[in-house]
Amino acid sequence: MIQSALSGDLPRSRILSFLLLAIFVALAFAPFLFSGSQPINTAAKICIFIVLVASYDLLLGYTGIVSFAHTMFFGIGGYGVGLALYGWGPTWTSAGLGLAIALVVGAVLAFVIGLLSLRVRAIFYAMITLAVASAFAILAGQLSEYTGGEDGRSFRVPPLLRPATVLFDVPFLGVRVDGRILSYYLVFFSALLLLLAALRIVNSPFGRVLQAIRENDFRAEALGYNVVYYRTVANCLAAGMAVLAGAMSAIWVRYTGPDTTLSFAIMLDILLMVVIGGMGTLYGAVIGAALFILAQNYLQKLMAIASEATASLPLIPHLLHPDRWLLWLGVLFILSVYFFPSGIVGKLREMERGR
Amino acid sequence: MSEPLLSLEGVHTHIGQYHILQGVDLVVPRGELTVLLGRNGAGKTTTLRTIMGLWPPSRGTITFDGQSIGGRATPDIARLRIGYVPESMGVFADLTVAENMRLAARLGPPDAARLDWIFGLFPALKRFWQLPAGLLSGGQKQMLSIARAIVEPKALILIDEPTKGIAPAIIEGMIAAFKELKRAETTILLVEQNFRFAASLGDTVAVMDDGRIVHRGTMEALAADSVLQTRLLGLSLAAHQ
Amino acid sequence: MATTSSPATTDLPRTPRDLLPVFIAPIIALVALPLVGSPTTWVTLTIAALAMGSMIFVIASGLTLIFGLMDVLNFGHGAFIAIGAYMAMTVLVPLSGWVQSDALSLNLAALLLAVIAAMIGTGALGWAFERVIVRPVYGQHLKQILITMGGLIVAEQLIHVVWGGDQKPMPLPNGLRGAITVGDFALEKFRLLAVAVGLTVFIVMQLVLNRTKVGLLIRAGVENREMVEALGYRIRQLFVGVFIAGSALAGLGGTLWALYRETLTAAIGGDIMVLVFIVIIIGGLGSVGGCFLGAILVALMANYTGYLAPKIAVASNILLMVAILMWRPQGLYPVARR
């Protein structure tokens, strides 16, 4: 059953299987395993980023397209649901309608950008998407009467998902099951389903064609595959998935704004996650997202300790300052592109084969 | 017979996953014009590019003037006074004819006598001296490409299919130019498909097929032996279809 | 050179001068005039645009040449902009006596020292960047994009380590403040200086590219790298040189840009890089002339729409890019390729 749920694409490494299982268990039971709001926030963020990074991997890892506009689609999802809930009231209908509009806008935009520039070389595409995405972010910040501008919009979610809603009178496993926990599971199961769907896509004949295009687009074209068509569809699928991740994020955070969904910093985070985790394997997205977000939250604490311990030395405490965690992940990123381009997942599988 | 200027022994070249040269043994004697014949895809261009270092050989030795040059960088090979006229001609379209020639004269401005000699061979170059090379006709570009290869005295010139797509009148001029070069005892390795052109110039000949040399001998002998011609060239033509 | 006297011109093929794109800039300016209404505002906007275009050109020219010559697009170029600006600031702050002096000569001397420091610093950094970051991934576009992005992240973080993360004031020399008034028109001094620097860089670059052997090699290398090597030139060294020069120009551009804004943060490169990318796409990757024109067009568009409809100013440049790519998919002046 697991085999078919994973579309036959098994982890193929004992350590990887263990890690994935650990992440799965931790996320599935997060509200019951950890107390306090920070762990559950971290868990939800990991779920959301697993979807976002997996959708980016569809592009980068499986199709070989470098796009810097992925956060734009993430933002479209976030704004679509967020603004709908803000403007039309906190009902399921407005959330659904907002999501539907966001999906359509996202797909159309992905289609247009794809048609316009997927014919050209990778570098062109990377630059064009970078320009379009940054313009979109600035536009969202400027059109404040609709989007709330730089401050973004806070909104209320449907009553069922609010913290004040208590589902059962008796606590379950010692935890009061409220709307917040329900929201978490909405996010968690959406992430699980989307990840399994993505696995299905990449292991389908369609996914194989994408990988053939990544390896050699001339040959794929010569074999009779319409490369632009396949790339455009992949672009739209990835965009759609990113929109859904944005919607999940909006539901969970109950806020949407340029910094949390559209900023270039998030784009770089996604890039780091997908490369460090392992391009071209969706498990890499899971590992990358989990590792990165844990590092974001907990590496900083570690660095603060190290920074204080070295306070008497020159420069070193600055390098170890908690705000510089991205420096070290950046170095790790460069090293992984050089020395293990297939990321952590690739390395683990290699170790398994070498055994 | 003196030691040959250039020799290839068991040279293999891979391009990506394709194994193009599969053990080429080729000898280019000093002061002679050697013609490399063969059908499309036999590996002639790859042989020249491998000699030039544009594609590194994966196996085998390439010896030029007593030193091994296999695996060296292209500029270092070119500095041994080896000129190269690629199939695409490699003319810098954005630069004028004069600028193309100025770059080809790596060691300093070409002297007037040498330029006059070149203008004698290819008068069109003088007429279009200040024009961007991109505006020249195919034949004129070919002349420029050859002129670039000889603007400084060279020990060896590699020329890839100079007659391809060129009008017959210009080919006649080219034959005259090559004869002139031969008189100056320049060693030339010429890749050709045009047998008549090759036969009128070649001293020695090598025929390639499927990444190997399948025949070596004098041009005179091959030109006189129509049976051999049919077997080598006709056969390869049949294999081509 | 001998025998270069120009030959008869009767039956020569004519050199096609492709001037059509050049007319776009004045057309945009003329269309904007009635929309803006007031001529003085229009002049101010146009001068501001020319200044901005000059700065963008200085930054973008190196990037486009690096790309043209070696097929390398350095996404980390933005880091050089910021680092150049910080280095200039590091020089200007202790020279505050000169910076605030009433003597223009001392102002300019301080500025010159700052610019030299910025260019040497970013040039050296470019050398290191090429060696460590770029060299191992030649010919692999995907890795190139990723790794230069990684370099950008690390470089930006190192700025925080060295200079701290807070916003810094960038001291603009006293003599460059204010404006010169010509009739009704007020021309800001610093903007005029920026235009002068941009034009100088453009002219010097054209002279080097067209009149020197190194320039010829660069132009030839942009077109056909292999053939340049087959003529016996070690193009690697040439490329390292261009990479260093391009990085130094980013440092110069960054210094000007920071002076223009009079403040400085580590993210200063990111803001302008988007425009730089648009410019080199519009201009045609590898073309210096196209880059210059593209920079002017983008800056005109940004300034006019910034005045007329500030909220859609950025989007207008995307539209400009889309329009130009629909007209000429390879940019205004595509460089001939092998």
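FYI, it's all coordinate maths here, none of it is from the lab. Bear in mind that the values here come from a model prediction, so they are computed numbers and not experimental data. As a convention, Cβ positions derive from the backbone with ideal geometry for all residues, glycine included, and neighbour counts pool all protein chains shown.
Using 0.36 nm per residue, how much length does the chain from residue B:111 to residue B:30 gain when fully extended, once their Cα-Cα distance is taken away? Could you put the intermediate results ahead of the total?
Numbers: separation 81, 0.36 × 81 = 29.16 nm, distance 2.57 nm.
Extra length from residue B:111 to residue B:30 when fully extended: 26.6 nm.
Of all DSSP beta bridges confined to the protein assembly as shown, the antiparallel ones make up roughly 65%.
Using +1 at the Cβ of each Lys and Arg and -1 at the Cβ of each Asp and Glu in the range C:132-290, identify which of C:178, C:216, C:258 lies farthest towards the dipole's positive end. About the Cα centre, the residue reaching furthest to the positive side is C:216.
Going by how many other beta carbons lie within 10 Å of each one, how would you line up C:327, C:42, fewest first? Before the final figure, lay out the partial values.
Numbers: C:327 12, C:42 20.
Listing C:327, C:42 from fewest to most nearby Cβ atoms yields C:327, C:42.
Relative contact order for chain B: 28 percent, from Cα pairs under 8 Å spaced at least 6 residues apart, divided by residue count. In the protein assembly as shown, a dipole from Cβ-located charges (positive for Lys and Arg, negative for Asp and Glu) runs towards its positive end, and of B:105, A:7, B:123 it is A:7 whose Cα lies farthest in that direction.
Taking the inverse of the mean 1/r over every pair of distinct Cα atoms in chain A gives a Kirkwood hydrodynamic radius of 21.2 Å.
Taking label positions 7 Å along the Cα-Cβ direction at both residue C:143 and residue A:339, the computed distance is 1.5 nm, reported to one decimal. When chain C is modelled as a GNM with alpha-carbon springs shorter than 10 Å, which of C:273, C:119, C:227 fluctuates the most? Most flexible of the set in this elastic network: C:227. Straight-line reach from residue B:179: which aspartates and glutamates have Cα under 20 Å away, leaving out those fewer than 8 places along the same chain? Partners found: B:32, B:116, B:152, B:160, B:161, B:192, B:203, B:220.
Under a 5 Å amide H cut-off, with hydrogens placed 1.01 Å from N, residue B:215 pairs with B:207 among residues at least 5 apart or on other chains. Computed from the C-beta positions of residue C:131 and residue C:213, the FRET efficiency with R₀ = 25 Å rounds to 0.50.
Of the residues A:54, A:109, A:203, the one whose Cα sits farthest towards the positive end of the charge dipole of the range A:2-354 is A:203 (charges of +1 on Lys and Arg Cβ, -1 on Asp and Glu Cβ, taken about the Cα centre). In a fully extended conformation the segment linking residue A:294 and residue A:93 would gain 68.9 nm over its present Cα-Cα distance, using 0.36 nm per residue. Hull volume per residue, based on the alpha-carbon atoms of chain B and their convex hull, is 130 Å³. Taking a straight Cα-Cα cut-off under 19 Å and skipping sequence neighbours fewer than 8 places away in the same chain, no lysines fall within cross-link reach of residue C:311.
Seen through its C-alpha gyration tensor, with square-root eigenvalues sorted a ≥ b ≥ c, the range C:106-185 comes out prolate because a/c lies at 1.5 or above while a/b is bigger than b/c.
So, R0 is 30 Å and r is the distance between the beta-carbons of residue A:175 and residue A:304; what FRET efficiency does that work out to, to 0.05? Working shown, then result.
Values: r = 30 Å, r/R0 = 1.01.
Given R0 = 30 Å and the Cβ-Cβ separation, E is 0.50.
Here the residues A:188, A:32, A:73, ranked from fewest to most Cβ neighbours within 10 Å of their Cβ, fall in the order A:32, A:188, A:73. Normalised by the number of residues in chain A, the mean separation of alpha-carbon contacts (under 8 Å, six or more apart) gives a relative contact order of 29 percent. Entry note, chain B: the mean residue ellipticity at 222 nm calculated from DSSP H runs of n ≥ 4, each adding -39500 (n - 2.57), is -10000 deg cm²/dmol after division by the residues and rounding to the nearest 500.
What is the dipole size for chain C, taken about its Cα centre, with +1 at each Lys and Arg Cβ and -1 at each Asp and Glu Cβ, in debye to the nearest 20? Don't skip to the end; give the middle numbers.
Details: 20 positive and 14 negative charges, 120 e Å.
Dipole about the Cα centre, nearest 20: 580 debye.
In terms of Cα atoms, the Rg and Dmax of the protein assembly as shown work out to 32.1, 107 Å.
Once fully extended, how much extra length lies between residue C:112 and residue C:93, figured as 0.36 nm per residue of separation less the alpha-carbon to alpha-carbon distance?
Working: separation 19, 0.36 × 19 = 6.84 nm, distance 1.36 nm.
Stretched fully, the residue C:112-residue C:93 segment lengthens by 5.5 nm.
Given R₀ = 45 Å, what would the calculated FRET efficiency be for residue C:234 paired with residue B:169, taking r from the Cβ atoms and rounding to 0.05? My answer for the efficiency is 0.70.
Packing around the peptides B:66-78, A:221-233, taken as the average count of other Cβ atoms within 10 Å per residue, puts them in this order, highest first: B:66-78, A:221-233.
Of the DSSP beta bridges with both residues in chain B, give the percent that are antiparallel, rounding to the nearest 5. Write out the running numbers ahead of the final one.
Details: 22 of 40 bridges.
Of the beta bridges lying entirely in chain B, close to 55 percent run antiparallel.
Using a cutoff of 8 angstrom between alpha carbon atoms and counting only pairs six or more residues apart, the relative contact order for chain C works out to 33 percent. Spin-label model, residue A:168 to residue C:271: label points 7 Å out along the Cα-to-beta-carbon direction sit 5.5 nm apart. Say each of residue C:41 and residue C:192 gets a label point 7 Å from the Cα, pointing the same way as Cα to Cβ; how far apart are those two points in nm? About 2.4 nm separates the two model spin labels.
Listed values for the range C:278-291 are Karplus-derived 3J(HN,Hα) couplings in whole Hz (6.51 cos²θ - 1.76 cosθ + 1.60, θ = phi - 60°), namely 4, 4, 6, 5, 4, x, x, 4, x, 9, 6, x, x, 5, and x replaces Gly and Pro.
Taking a point 7 Å from the Cα of residue B:58 along the Cα-to-Cβ direction, the residues of the range B:13-30 with backbone N closer than 20 Å to it are B:13-26.
Taking the Cα centre of the protein assembly as shown as reference, the dipole from Cβ charges on Lys and Arg (+1) and Asp and Glu (-1) amounts to some 560 debye.
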